[in-house]
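Asks: Next up is a structure, given as structure tokens.
The values are calculated or read from the model by the stated rules, or taken from the named source; none is laboratory data. Only a predicted model underlies this, so the values are computations on that prediction, with no experimental measurement involved. So basically every Cβ, Gly included, is an ideal-geometry build from the backbone, and we count neighbours across all protein chains shown. These area figures cover heavy atoms from the full protein model, side chains too; ligands, DNA and RNA do not enter into them. Shrake-Rupley method; radii C 1.70, N 1.55, O 1.52, S 1.80 Å.
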Amino acid sequence: IGAEVFNIFTHRRIAFYGRDSKAWRRWSAYDPSAVLVGDFVIRASENGTLYKLTADDTRADVHSLLRYRRRGYPAAGMESSPAVWQNYVYFSDNSGILLCVNAETMRPVWMFSTGDDSDSSPVIAEEQGRVVLYSGTAVDKQGDSGYCNFTKLDALTGEKIWQQRIPCHKIDYAEKLREGGMFATPLLGRANCSHLIFSNICGWGNDNGTLVAIDRSSGNIVYRTRLDHYSWSSPVALCTSQGEMFIFTGDVIGNVYLIDALTGKILFKRRMAWNFESSPVVIDDCVVVGTRGKHIYK
């Protein structure tokens, strides 16, 4: 278990990071994706450490790091991927906080209590001269039911702008109780939907899976579209030359959906695979996505 670094031109692995004996948490998996910040790579780990790496063609090294503990809690791990604005890195953890870190000094700037574990990666936007951050939580430590707290914050100060609390429950699926709430990264609207933000929600009311559209200014729910099952895979956008936005997303039983982003109407649905968990990438008018079924689909 660990993290690897590859040179994509020579196809050689140049570094492997296994268990960190100095980490304050023993679990060393890497759910978060690495992100580039200037000349450095930032990588968050489930061992509770934020690493700052340097790399060249032949090696990668740890430049500096941050280990932290919230007072009254054991060391937390990170499962959401970091988001970056200039020299600030934002990520949430499984102790229920969202943290802003200065990547130059690797020191915390502010923290915000989210209310629960968060696997969904935060999203940054610049709106009317203000840098804002969107972040959502799971329903995990709250018990079998609780609230997915979808929050908009001032990214520079950590001030809460609005919070939409969505009632969710854990889902009994495949003989295991799955957590409810938000696991997919939210999708900022564009084109004719630039006033909206979208996300997949697990276990909302009687629906196992829901795509929700929320007004970015007010935080009000504009619509919710019922999916056949819940989704950890993030929705992605496709836009036409006429300025119309459409959403592609998949669920955990292998359905794919094409949705009119303005209205929430499902235009196309088909079961194609088994369990979309990874998030798709859009290339021109095509979508590429991996599955738990050992296949990549285009």
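Asks: Kindly indicate the residue of the stretch 150-177 that is among the basic types (K, R) and closer than 20 Å to I97 by Cβ and also least open to solvent (accessible area, probe 1.4 Å) among those meeting that condition.
Replies: Residue satisfying both the conditions and the ranking: K152.
Asks: Given the residues D57, D39, which is the only one that is open to solvent by 70 Å² or more (accessible area, probe 1.4 Å) and under 18 Å from E4 (Cα atoms)?
Replies: After applying the criteria, what remains is D57.
Asks: Quickly run through the stretch 75-133 and pick out the residues that are under 13 Å from G158 (Cα atoms) and hydroxyl-bearing (S, T, Y).
Replies: Correct list: Y88, Y90, S92, S113, T114.
Asks: Under the condition of being charged (D, E, K, R) and under 18 Å from L98 (Cα atoms), which residue from the stretch 60-84 is most open to solvent (accessible area, probe 1.4 Å)?
Replies: So, considering only residues that are charged (D, E, K, R) and under 18 Å from L98 (Cα atoms), the one most open to solvent (accessible area, probe 1.4 Å) is R71.
Asks: Got at least one residue in the stretch 114-133 being in contact with a Phe, Trp or Tyr (Cβ under 9 Å, 6 or more places away or on another chain) and more than 20 Å from L188 (Cα to Cα)?
Replies: Scanning the stretch 114-133 turns up at least one residue that is in contact with a Phe, Trp or Tyr (Cβ under 9 Å, 6 or more places away or on another chain) and more than 20 Å from L188 (Cα to Cα).
Asks: Further question: Could you please let me know if S231 is touching a residue at least 24 places away in the same chain (Cβ under 8 Å) and either among the hydroxyl-bearing types (S, T, Y) or on the phi > 0 side of the Ramachandran plot (or both)? Spell out how you get there, then give the answer.
Replies: Details: touching a residue at least 24 places away in the same chain (Cβ under 8 Å): yes; either among the hydroxyl-bearing types (S, T, Y) or on the phi > 0 side of the Ramachandran plot (or both): yes.
For S231, the condition - touching a residue at least 24 places away in the same chain (Cβ under 8 Å) and either among the hydroxyl-bearing types (S, T, Y) or on the phi > 0 side of the Ramachandran plot (or both) - is met.
Asks: Same structure again: For the stretch 63-86, which positions are among the hydroxyl-bearing types (S, T, Y) and assigned to a strand (DSSP E or B)?
Replies: Listed by number, the list holds a single entry, S64.
Asks: Right, next: Identify, please: which residue in the stretch 7-42 is within 19 Å of the chain's Cα centre (by Cα), assigned to a loop (DSSP other than H, G, I, E, B) and aliphatic (A, V, I, L, M) and is, among those, nearest to D93 (Cα to Cα)?
Replies: A29
Yes/no matrix, rows are residues, columns are (1) under 28 Å from V281 (Cβ atoms); (2) of a type in the set (D, E); (3) at pLDDT below 95:
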{"residue": "F112", "(1), (2), (3)": "no, no, no"}
{"residue": "V123", "(1), (2), (3)": "yes, no, no"}
{"residue": "L133", "(1), (2), (3)": "yes, no, no"}
{"residue": "Q142", "(1), (2), (3)": "no, no, yes"}
{"residue": "C148", "(1), (2), (3)": "yes, no, no"}
{"residue": "K160", "(1), (2), (3)": "no, no, no"}
{"residue": "P167", "(1), (2), (3)": "no, no, no"}
{"residue": "E179", "(1), (2), (3)": "yes, yes, yes"}
{"residue": "N192", "(1), (2), (3)": "yes, no, no"}
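Asks: Restricting to the stretch 165-200, what's the tally of residues that are within 13 Å of D251 (Cβ to Cβ), of a type outside the set (S, T, N, Q) and without any contact (Cβ under 8 Å) to a residue 60 or more places away in the chain?
Replies: Residues flagged as within 13 Å of D251 (Cβ to Cβ), of a type outside the set (S, T, N, Q) and without any contact (Cβ under 8 Å) to a residue 60 or more places away in the chain within the stretch 165-200 amount to 2.
Asks: Let me ask another. Consider R190 against the criteria (1) surrounded by fewer than 18 Cβ atoms within 10 Å (Cβ to Cβ); (2) touching a helix residue (DSSP H, G or I) at 6+ places or on another chain (Cβ under 7 Å): it satisfies all of them except one. Which criterion is unmet?
Replies: (2)
Asks: Of the residues that sit in the stretch 178-187 and are closer than 18 Å to Y147 by Cα and among the hydrophobic types (A, V, I, L, M, F, W, C), which one is most open to solvent (accessible area, probe 1.4 Å)?
Replies: Here the answer is F183.
Asks: Restricting attention to the stretch 245-267, does a residue exist that is under 21 Å from S80 (Cα atoms) and among the hydroxyl-bearing types (S, T, Y)?
Replies: Yes: the stretch 245-267 contains one or more residues that are under 21 Å from S80 (Cα atoms) and among the hydroxyl-bearing types (S, T, Y).
Asks: Moving to a separate point now. Can you tell me which residues in the stretch 94-115 are within 17 Å of the chain's Cα centre (by Cα), in a loop (DSSP other than H, G, I, E, B) and on the phi < 0 side of the Ramachandran plot?
Replies: Within the stretch 94-115, N94, S95, T114 meet the criteria.
Asks: Would you confirm whether or not the stretch 176-194 contains a residue that is touching a strand residue (DSSP E or B) at 6+ places or on another chain (Cβ under 9 Å), within 24 Å of A261 (Cβ to Cβ), among the aromatic types (F, W, Y) and in a strand (DSSP E or B)?
Replies: No, the stretch 176-194 contains no residue that is touching a strand residue (DSSP E or B) at 6+ places or on another chain (Cβ under 9 Å), within 24 Å of A261 (Cβ to Cβ), among the aromatic types (F, W, Y) and in a strand (DSSP E or B).
Asks: Kindly state which strands (runs of 3 or more DSSP E) lie completely within the stretch 203-298 and contain at least 2 residues that are open to solvent by less than 60 Å² (accessible area, probe 1.4 Å) and in contact with a strand residue (DSSP E or B) (Cβ under 7 Å, 6 or more places away or on another chain).
Replies: So the answer is 207-215, 221-227, 236-239, 245-250, 255-260, 286-290.
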